[in-house]
Amino acid sequence: MEIVILLVVIAVVVIGALGGLVVGSRRRKQPPPPPPTTPDITAPPAEPHVGDEAETPREEPRRTIEEVDLPDASGAVAVEERPAAPEIEIPEPAAGRLVRLRARLSRSQNALGKGLLTLLSREHLDDDTWEEIEDTLLTADVGVQPTQELVEGLRERVKVLGTRTPEELRGLLREELLKLVGTDMDRTVKTEPEASKPGIVMVVGVNGTGKTTTTGKLARVLVADGRTVVLGAADTFRAAAADQLQTWGERVGAYTVRGPEAGDPASVAFDAVKEGKEMGTDVVLIDTAGRLHTKTGLMDELGKVKRVVEKQAPLDEILLVLDATTGQNGLVQARVFAEVVDITGIVLTKLDGTAKGGIVIAVQRELGVPVKLVGLGEGADDLAPFEPEAFVDALIGD
């Protein structure tokens, strides 16, 4: 009996041990976890469209159209007006302009006219006095040869006359100065158009003499005389020269032909003459580049401009612009320009106040061509045709 019980106990123990092994094995070999399910994705809020707010709209009080304040007329947006075309000016008539500007010219009479009259009025005109008269004339840039001629003429006439009242001295001086200035020279600026071409004027000179300004003022003189004008901006090397000339032209209704900056000046001059012929214009004025008279290459280019223009039509005038205050240096410039192009007339600028009037005599004697125009100020109508009688009267005073 005991043996049976013992066997039963052993059997129970063995069964229990086997069961523990099976359970432990199952615990060590657990199956892999099932795959995760797809998460629910919440779509981001849509991007706001034009005019939408980026955030979620909120309830706000809204006003009706009757409650909205509309802007009054004073708050209206001003519409910018287009700039008006430049007003066409009516230039001052050229006839008698030098007489009207005589007061400005007479400012320089102290250097010449009054000084001579003071010396001639001395009781005794000895050699020292005549030397002072020569010095006065040379200081006024009359030149050596003209000065000698004037002094000899005065000495002879004073000796013959005997008496020397102020009126007689003034008359003598006036006559001798008019001989030197010249009253028989043709001072007309030739701008008469022909059947197949306009009058063609080329303006030359050194930088700083007022060449472009003189060209613009000459256009005003011509328009005042009833002429139509085309301007050729052949000064393509100086910045804003074409703009400056075009502004002068717009003020009097003159058309301006221009080219690219640093372009070929000869082609611009050629086109200006061509345009003038096609438009039936009375006068074509060509403003050339101011070139140093010591630069041979640039002077040669000026000659090229002249040759190219003459392929269209012959030139009627070549005006040399000189600064009257430069004195003898201006004569050097005039001499070199005359060798390159055939100068037909002189324009003297800055002849008011500081200039020495004798330069008129000297430059005419040097080149053998007349002074045709003089600039007597900075005003638009201060360019005047040269009149010998009015000029001499302004120098020696009343």
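The values are calculated or read from the model by the stated rules, or taken from the named source; none is laboratory data. Values in this document were obtained by computation on a predicted structure and should not be read as measured data. Cβ atoms come from the backbone with ideal geometry, glycine included; neighbour counts cover every protein chain shown. Surface areas here come from the heavy atoms of the whole protein model, side chains and all, with no ligands, DNA or RNA. Shrake-Rupley method; radii C 1.70, N 1.55, O 1.52, S 1.80 Å.
Worth a mention:
- Most to least accessible of Ser267, Ser121 (protein chains only, probe 1.4 Å): Ser121, Ser267
- Of the solvent-accessible surface of segment 243-398, computed with a 1.4 Å probe and all protein chains present, 47% belongs to carbon and sulfur.
- Only Cα pairs under 8 Å and 6+ residues apart enter the sum, and on that basis the relative contact order of segment 169-296 stands at 35 percent.
- Dipole size of segment 139-208 about its Cα centre, with +1 on Lys/Arg Cβ and -1 on Asp/Glu Cβ: approximately 120 debye, rounded to the nearest 20.
- Extension gain from Glu89 to Val8, taking 0.36 nm per residue of separation minus the Cα-Cα distance: 14.9 nm
- A Förster radius of 56 Å, combined with the Cβ-Cβ distance separating Thr247 from Glu156, puts the computed FRET efficiency at roughly 0.55.
- Gain on full extension, evaluated as 0.36 nm per residue between Ser196 and Ala239 minus their Cα-Cα distance, stands at 12.1 nm.
- Exposure ranking of Asp271, Asp323 by accessible area [1.4 Å probe, largest first]: Asp271, Asp323
- Modelled label positions at Val332 and Glu134, each set 7 Å beyond Cα in the direction of Cβ, lie 2.5 nm from each other.
- Gain in span if fully extended, Lys179 to Val144, counting 0.36 nm per residue against the direct Cα distance: 11.0 nm
- In segment 145-287, one over the average inverse separation of all distinct C-alpha pairs is 17.9 Å, which is the Kirkwood hydrodynamic radius.
- The solvent-accessible area of Val340, taken with every protein chain present and a 1.4 Å probe, is close to 50 Å².
- Rounded to the nearest Hz, the phi-derived 3J(HN,Hα) couplings of segment 280-288 under the Karplus curve 6.51 cos²θ - 1.76 cosθ + 1.60 (θ = phi - 60°) are x, 6, 6, 9, 10, 10, 10, 8, 9, where x marks glycine and proline.
- The largest accessible area among Thr344, Thr139, Thr215 belongs to the first residue in Thr139, Thr344, Thr215, and the rest follow in falling order (1.4 Å probe, all chains).
- With every protein chain in place, segment 106-216: carbon and sulfur % of accessible area (1.4 Å): 47
- Model label points for Glu310 and Arg365, set 7 angstrom from Cα along the Cα-to-Cβ axis, are 3.1 nm apart.
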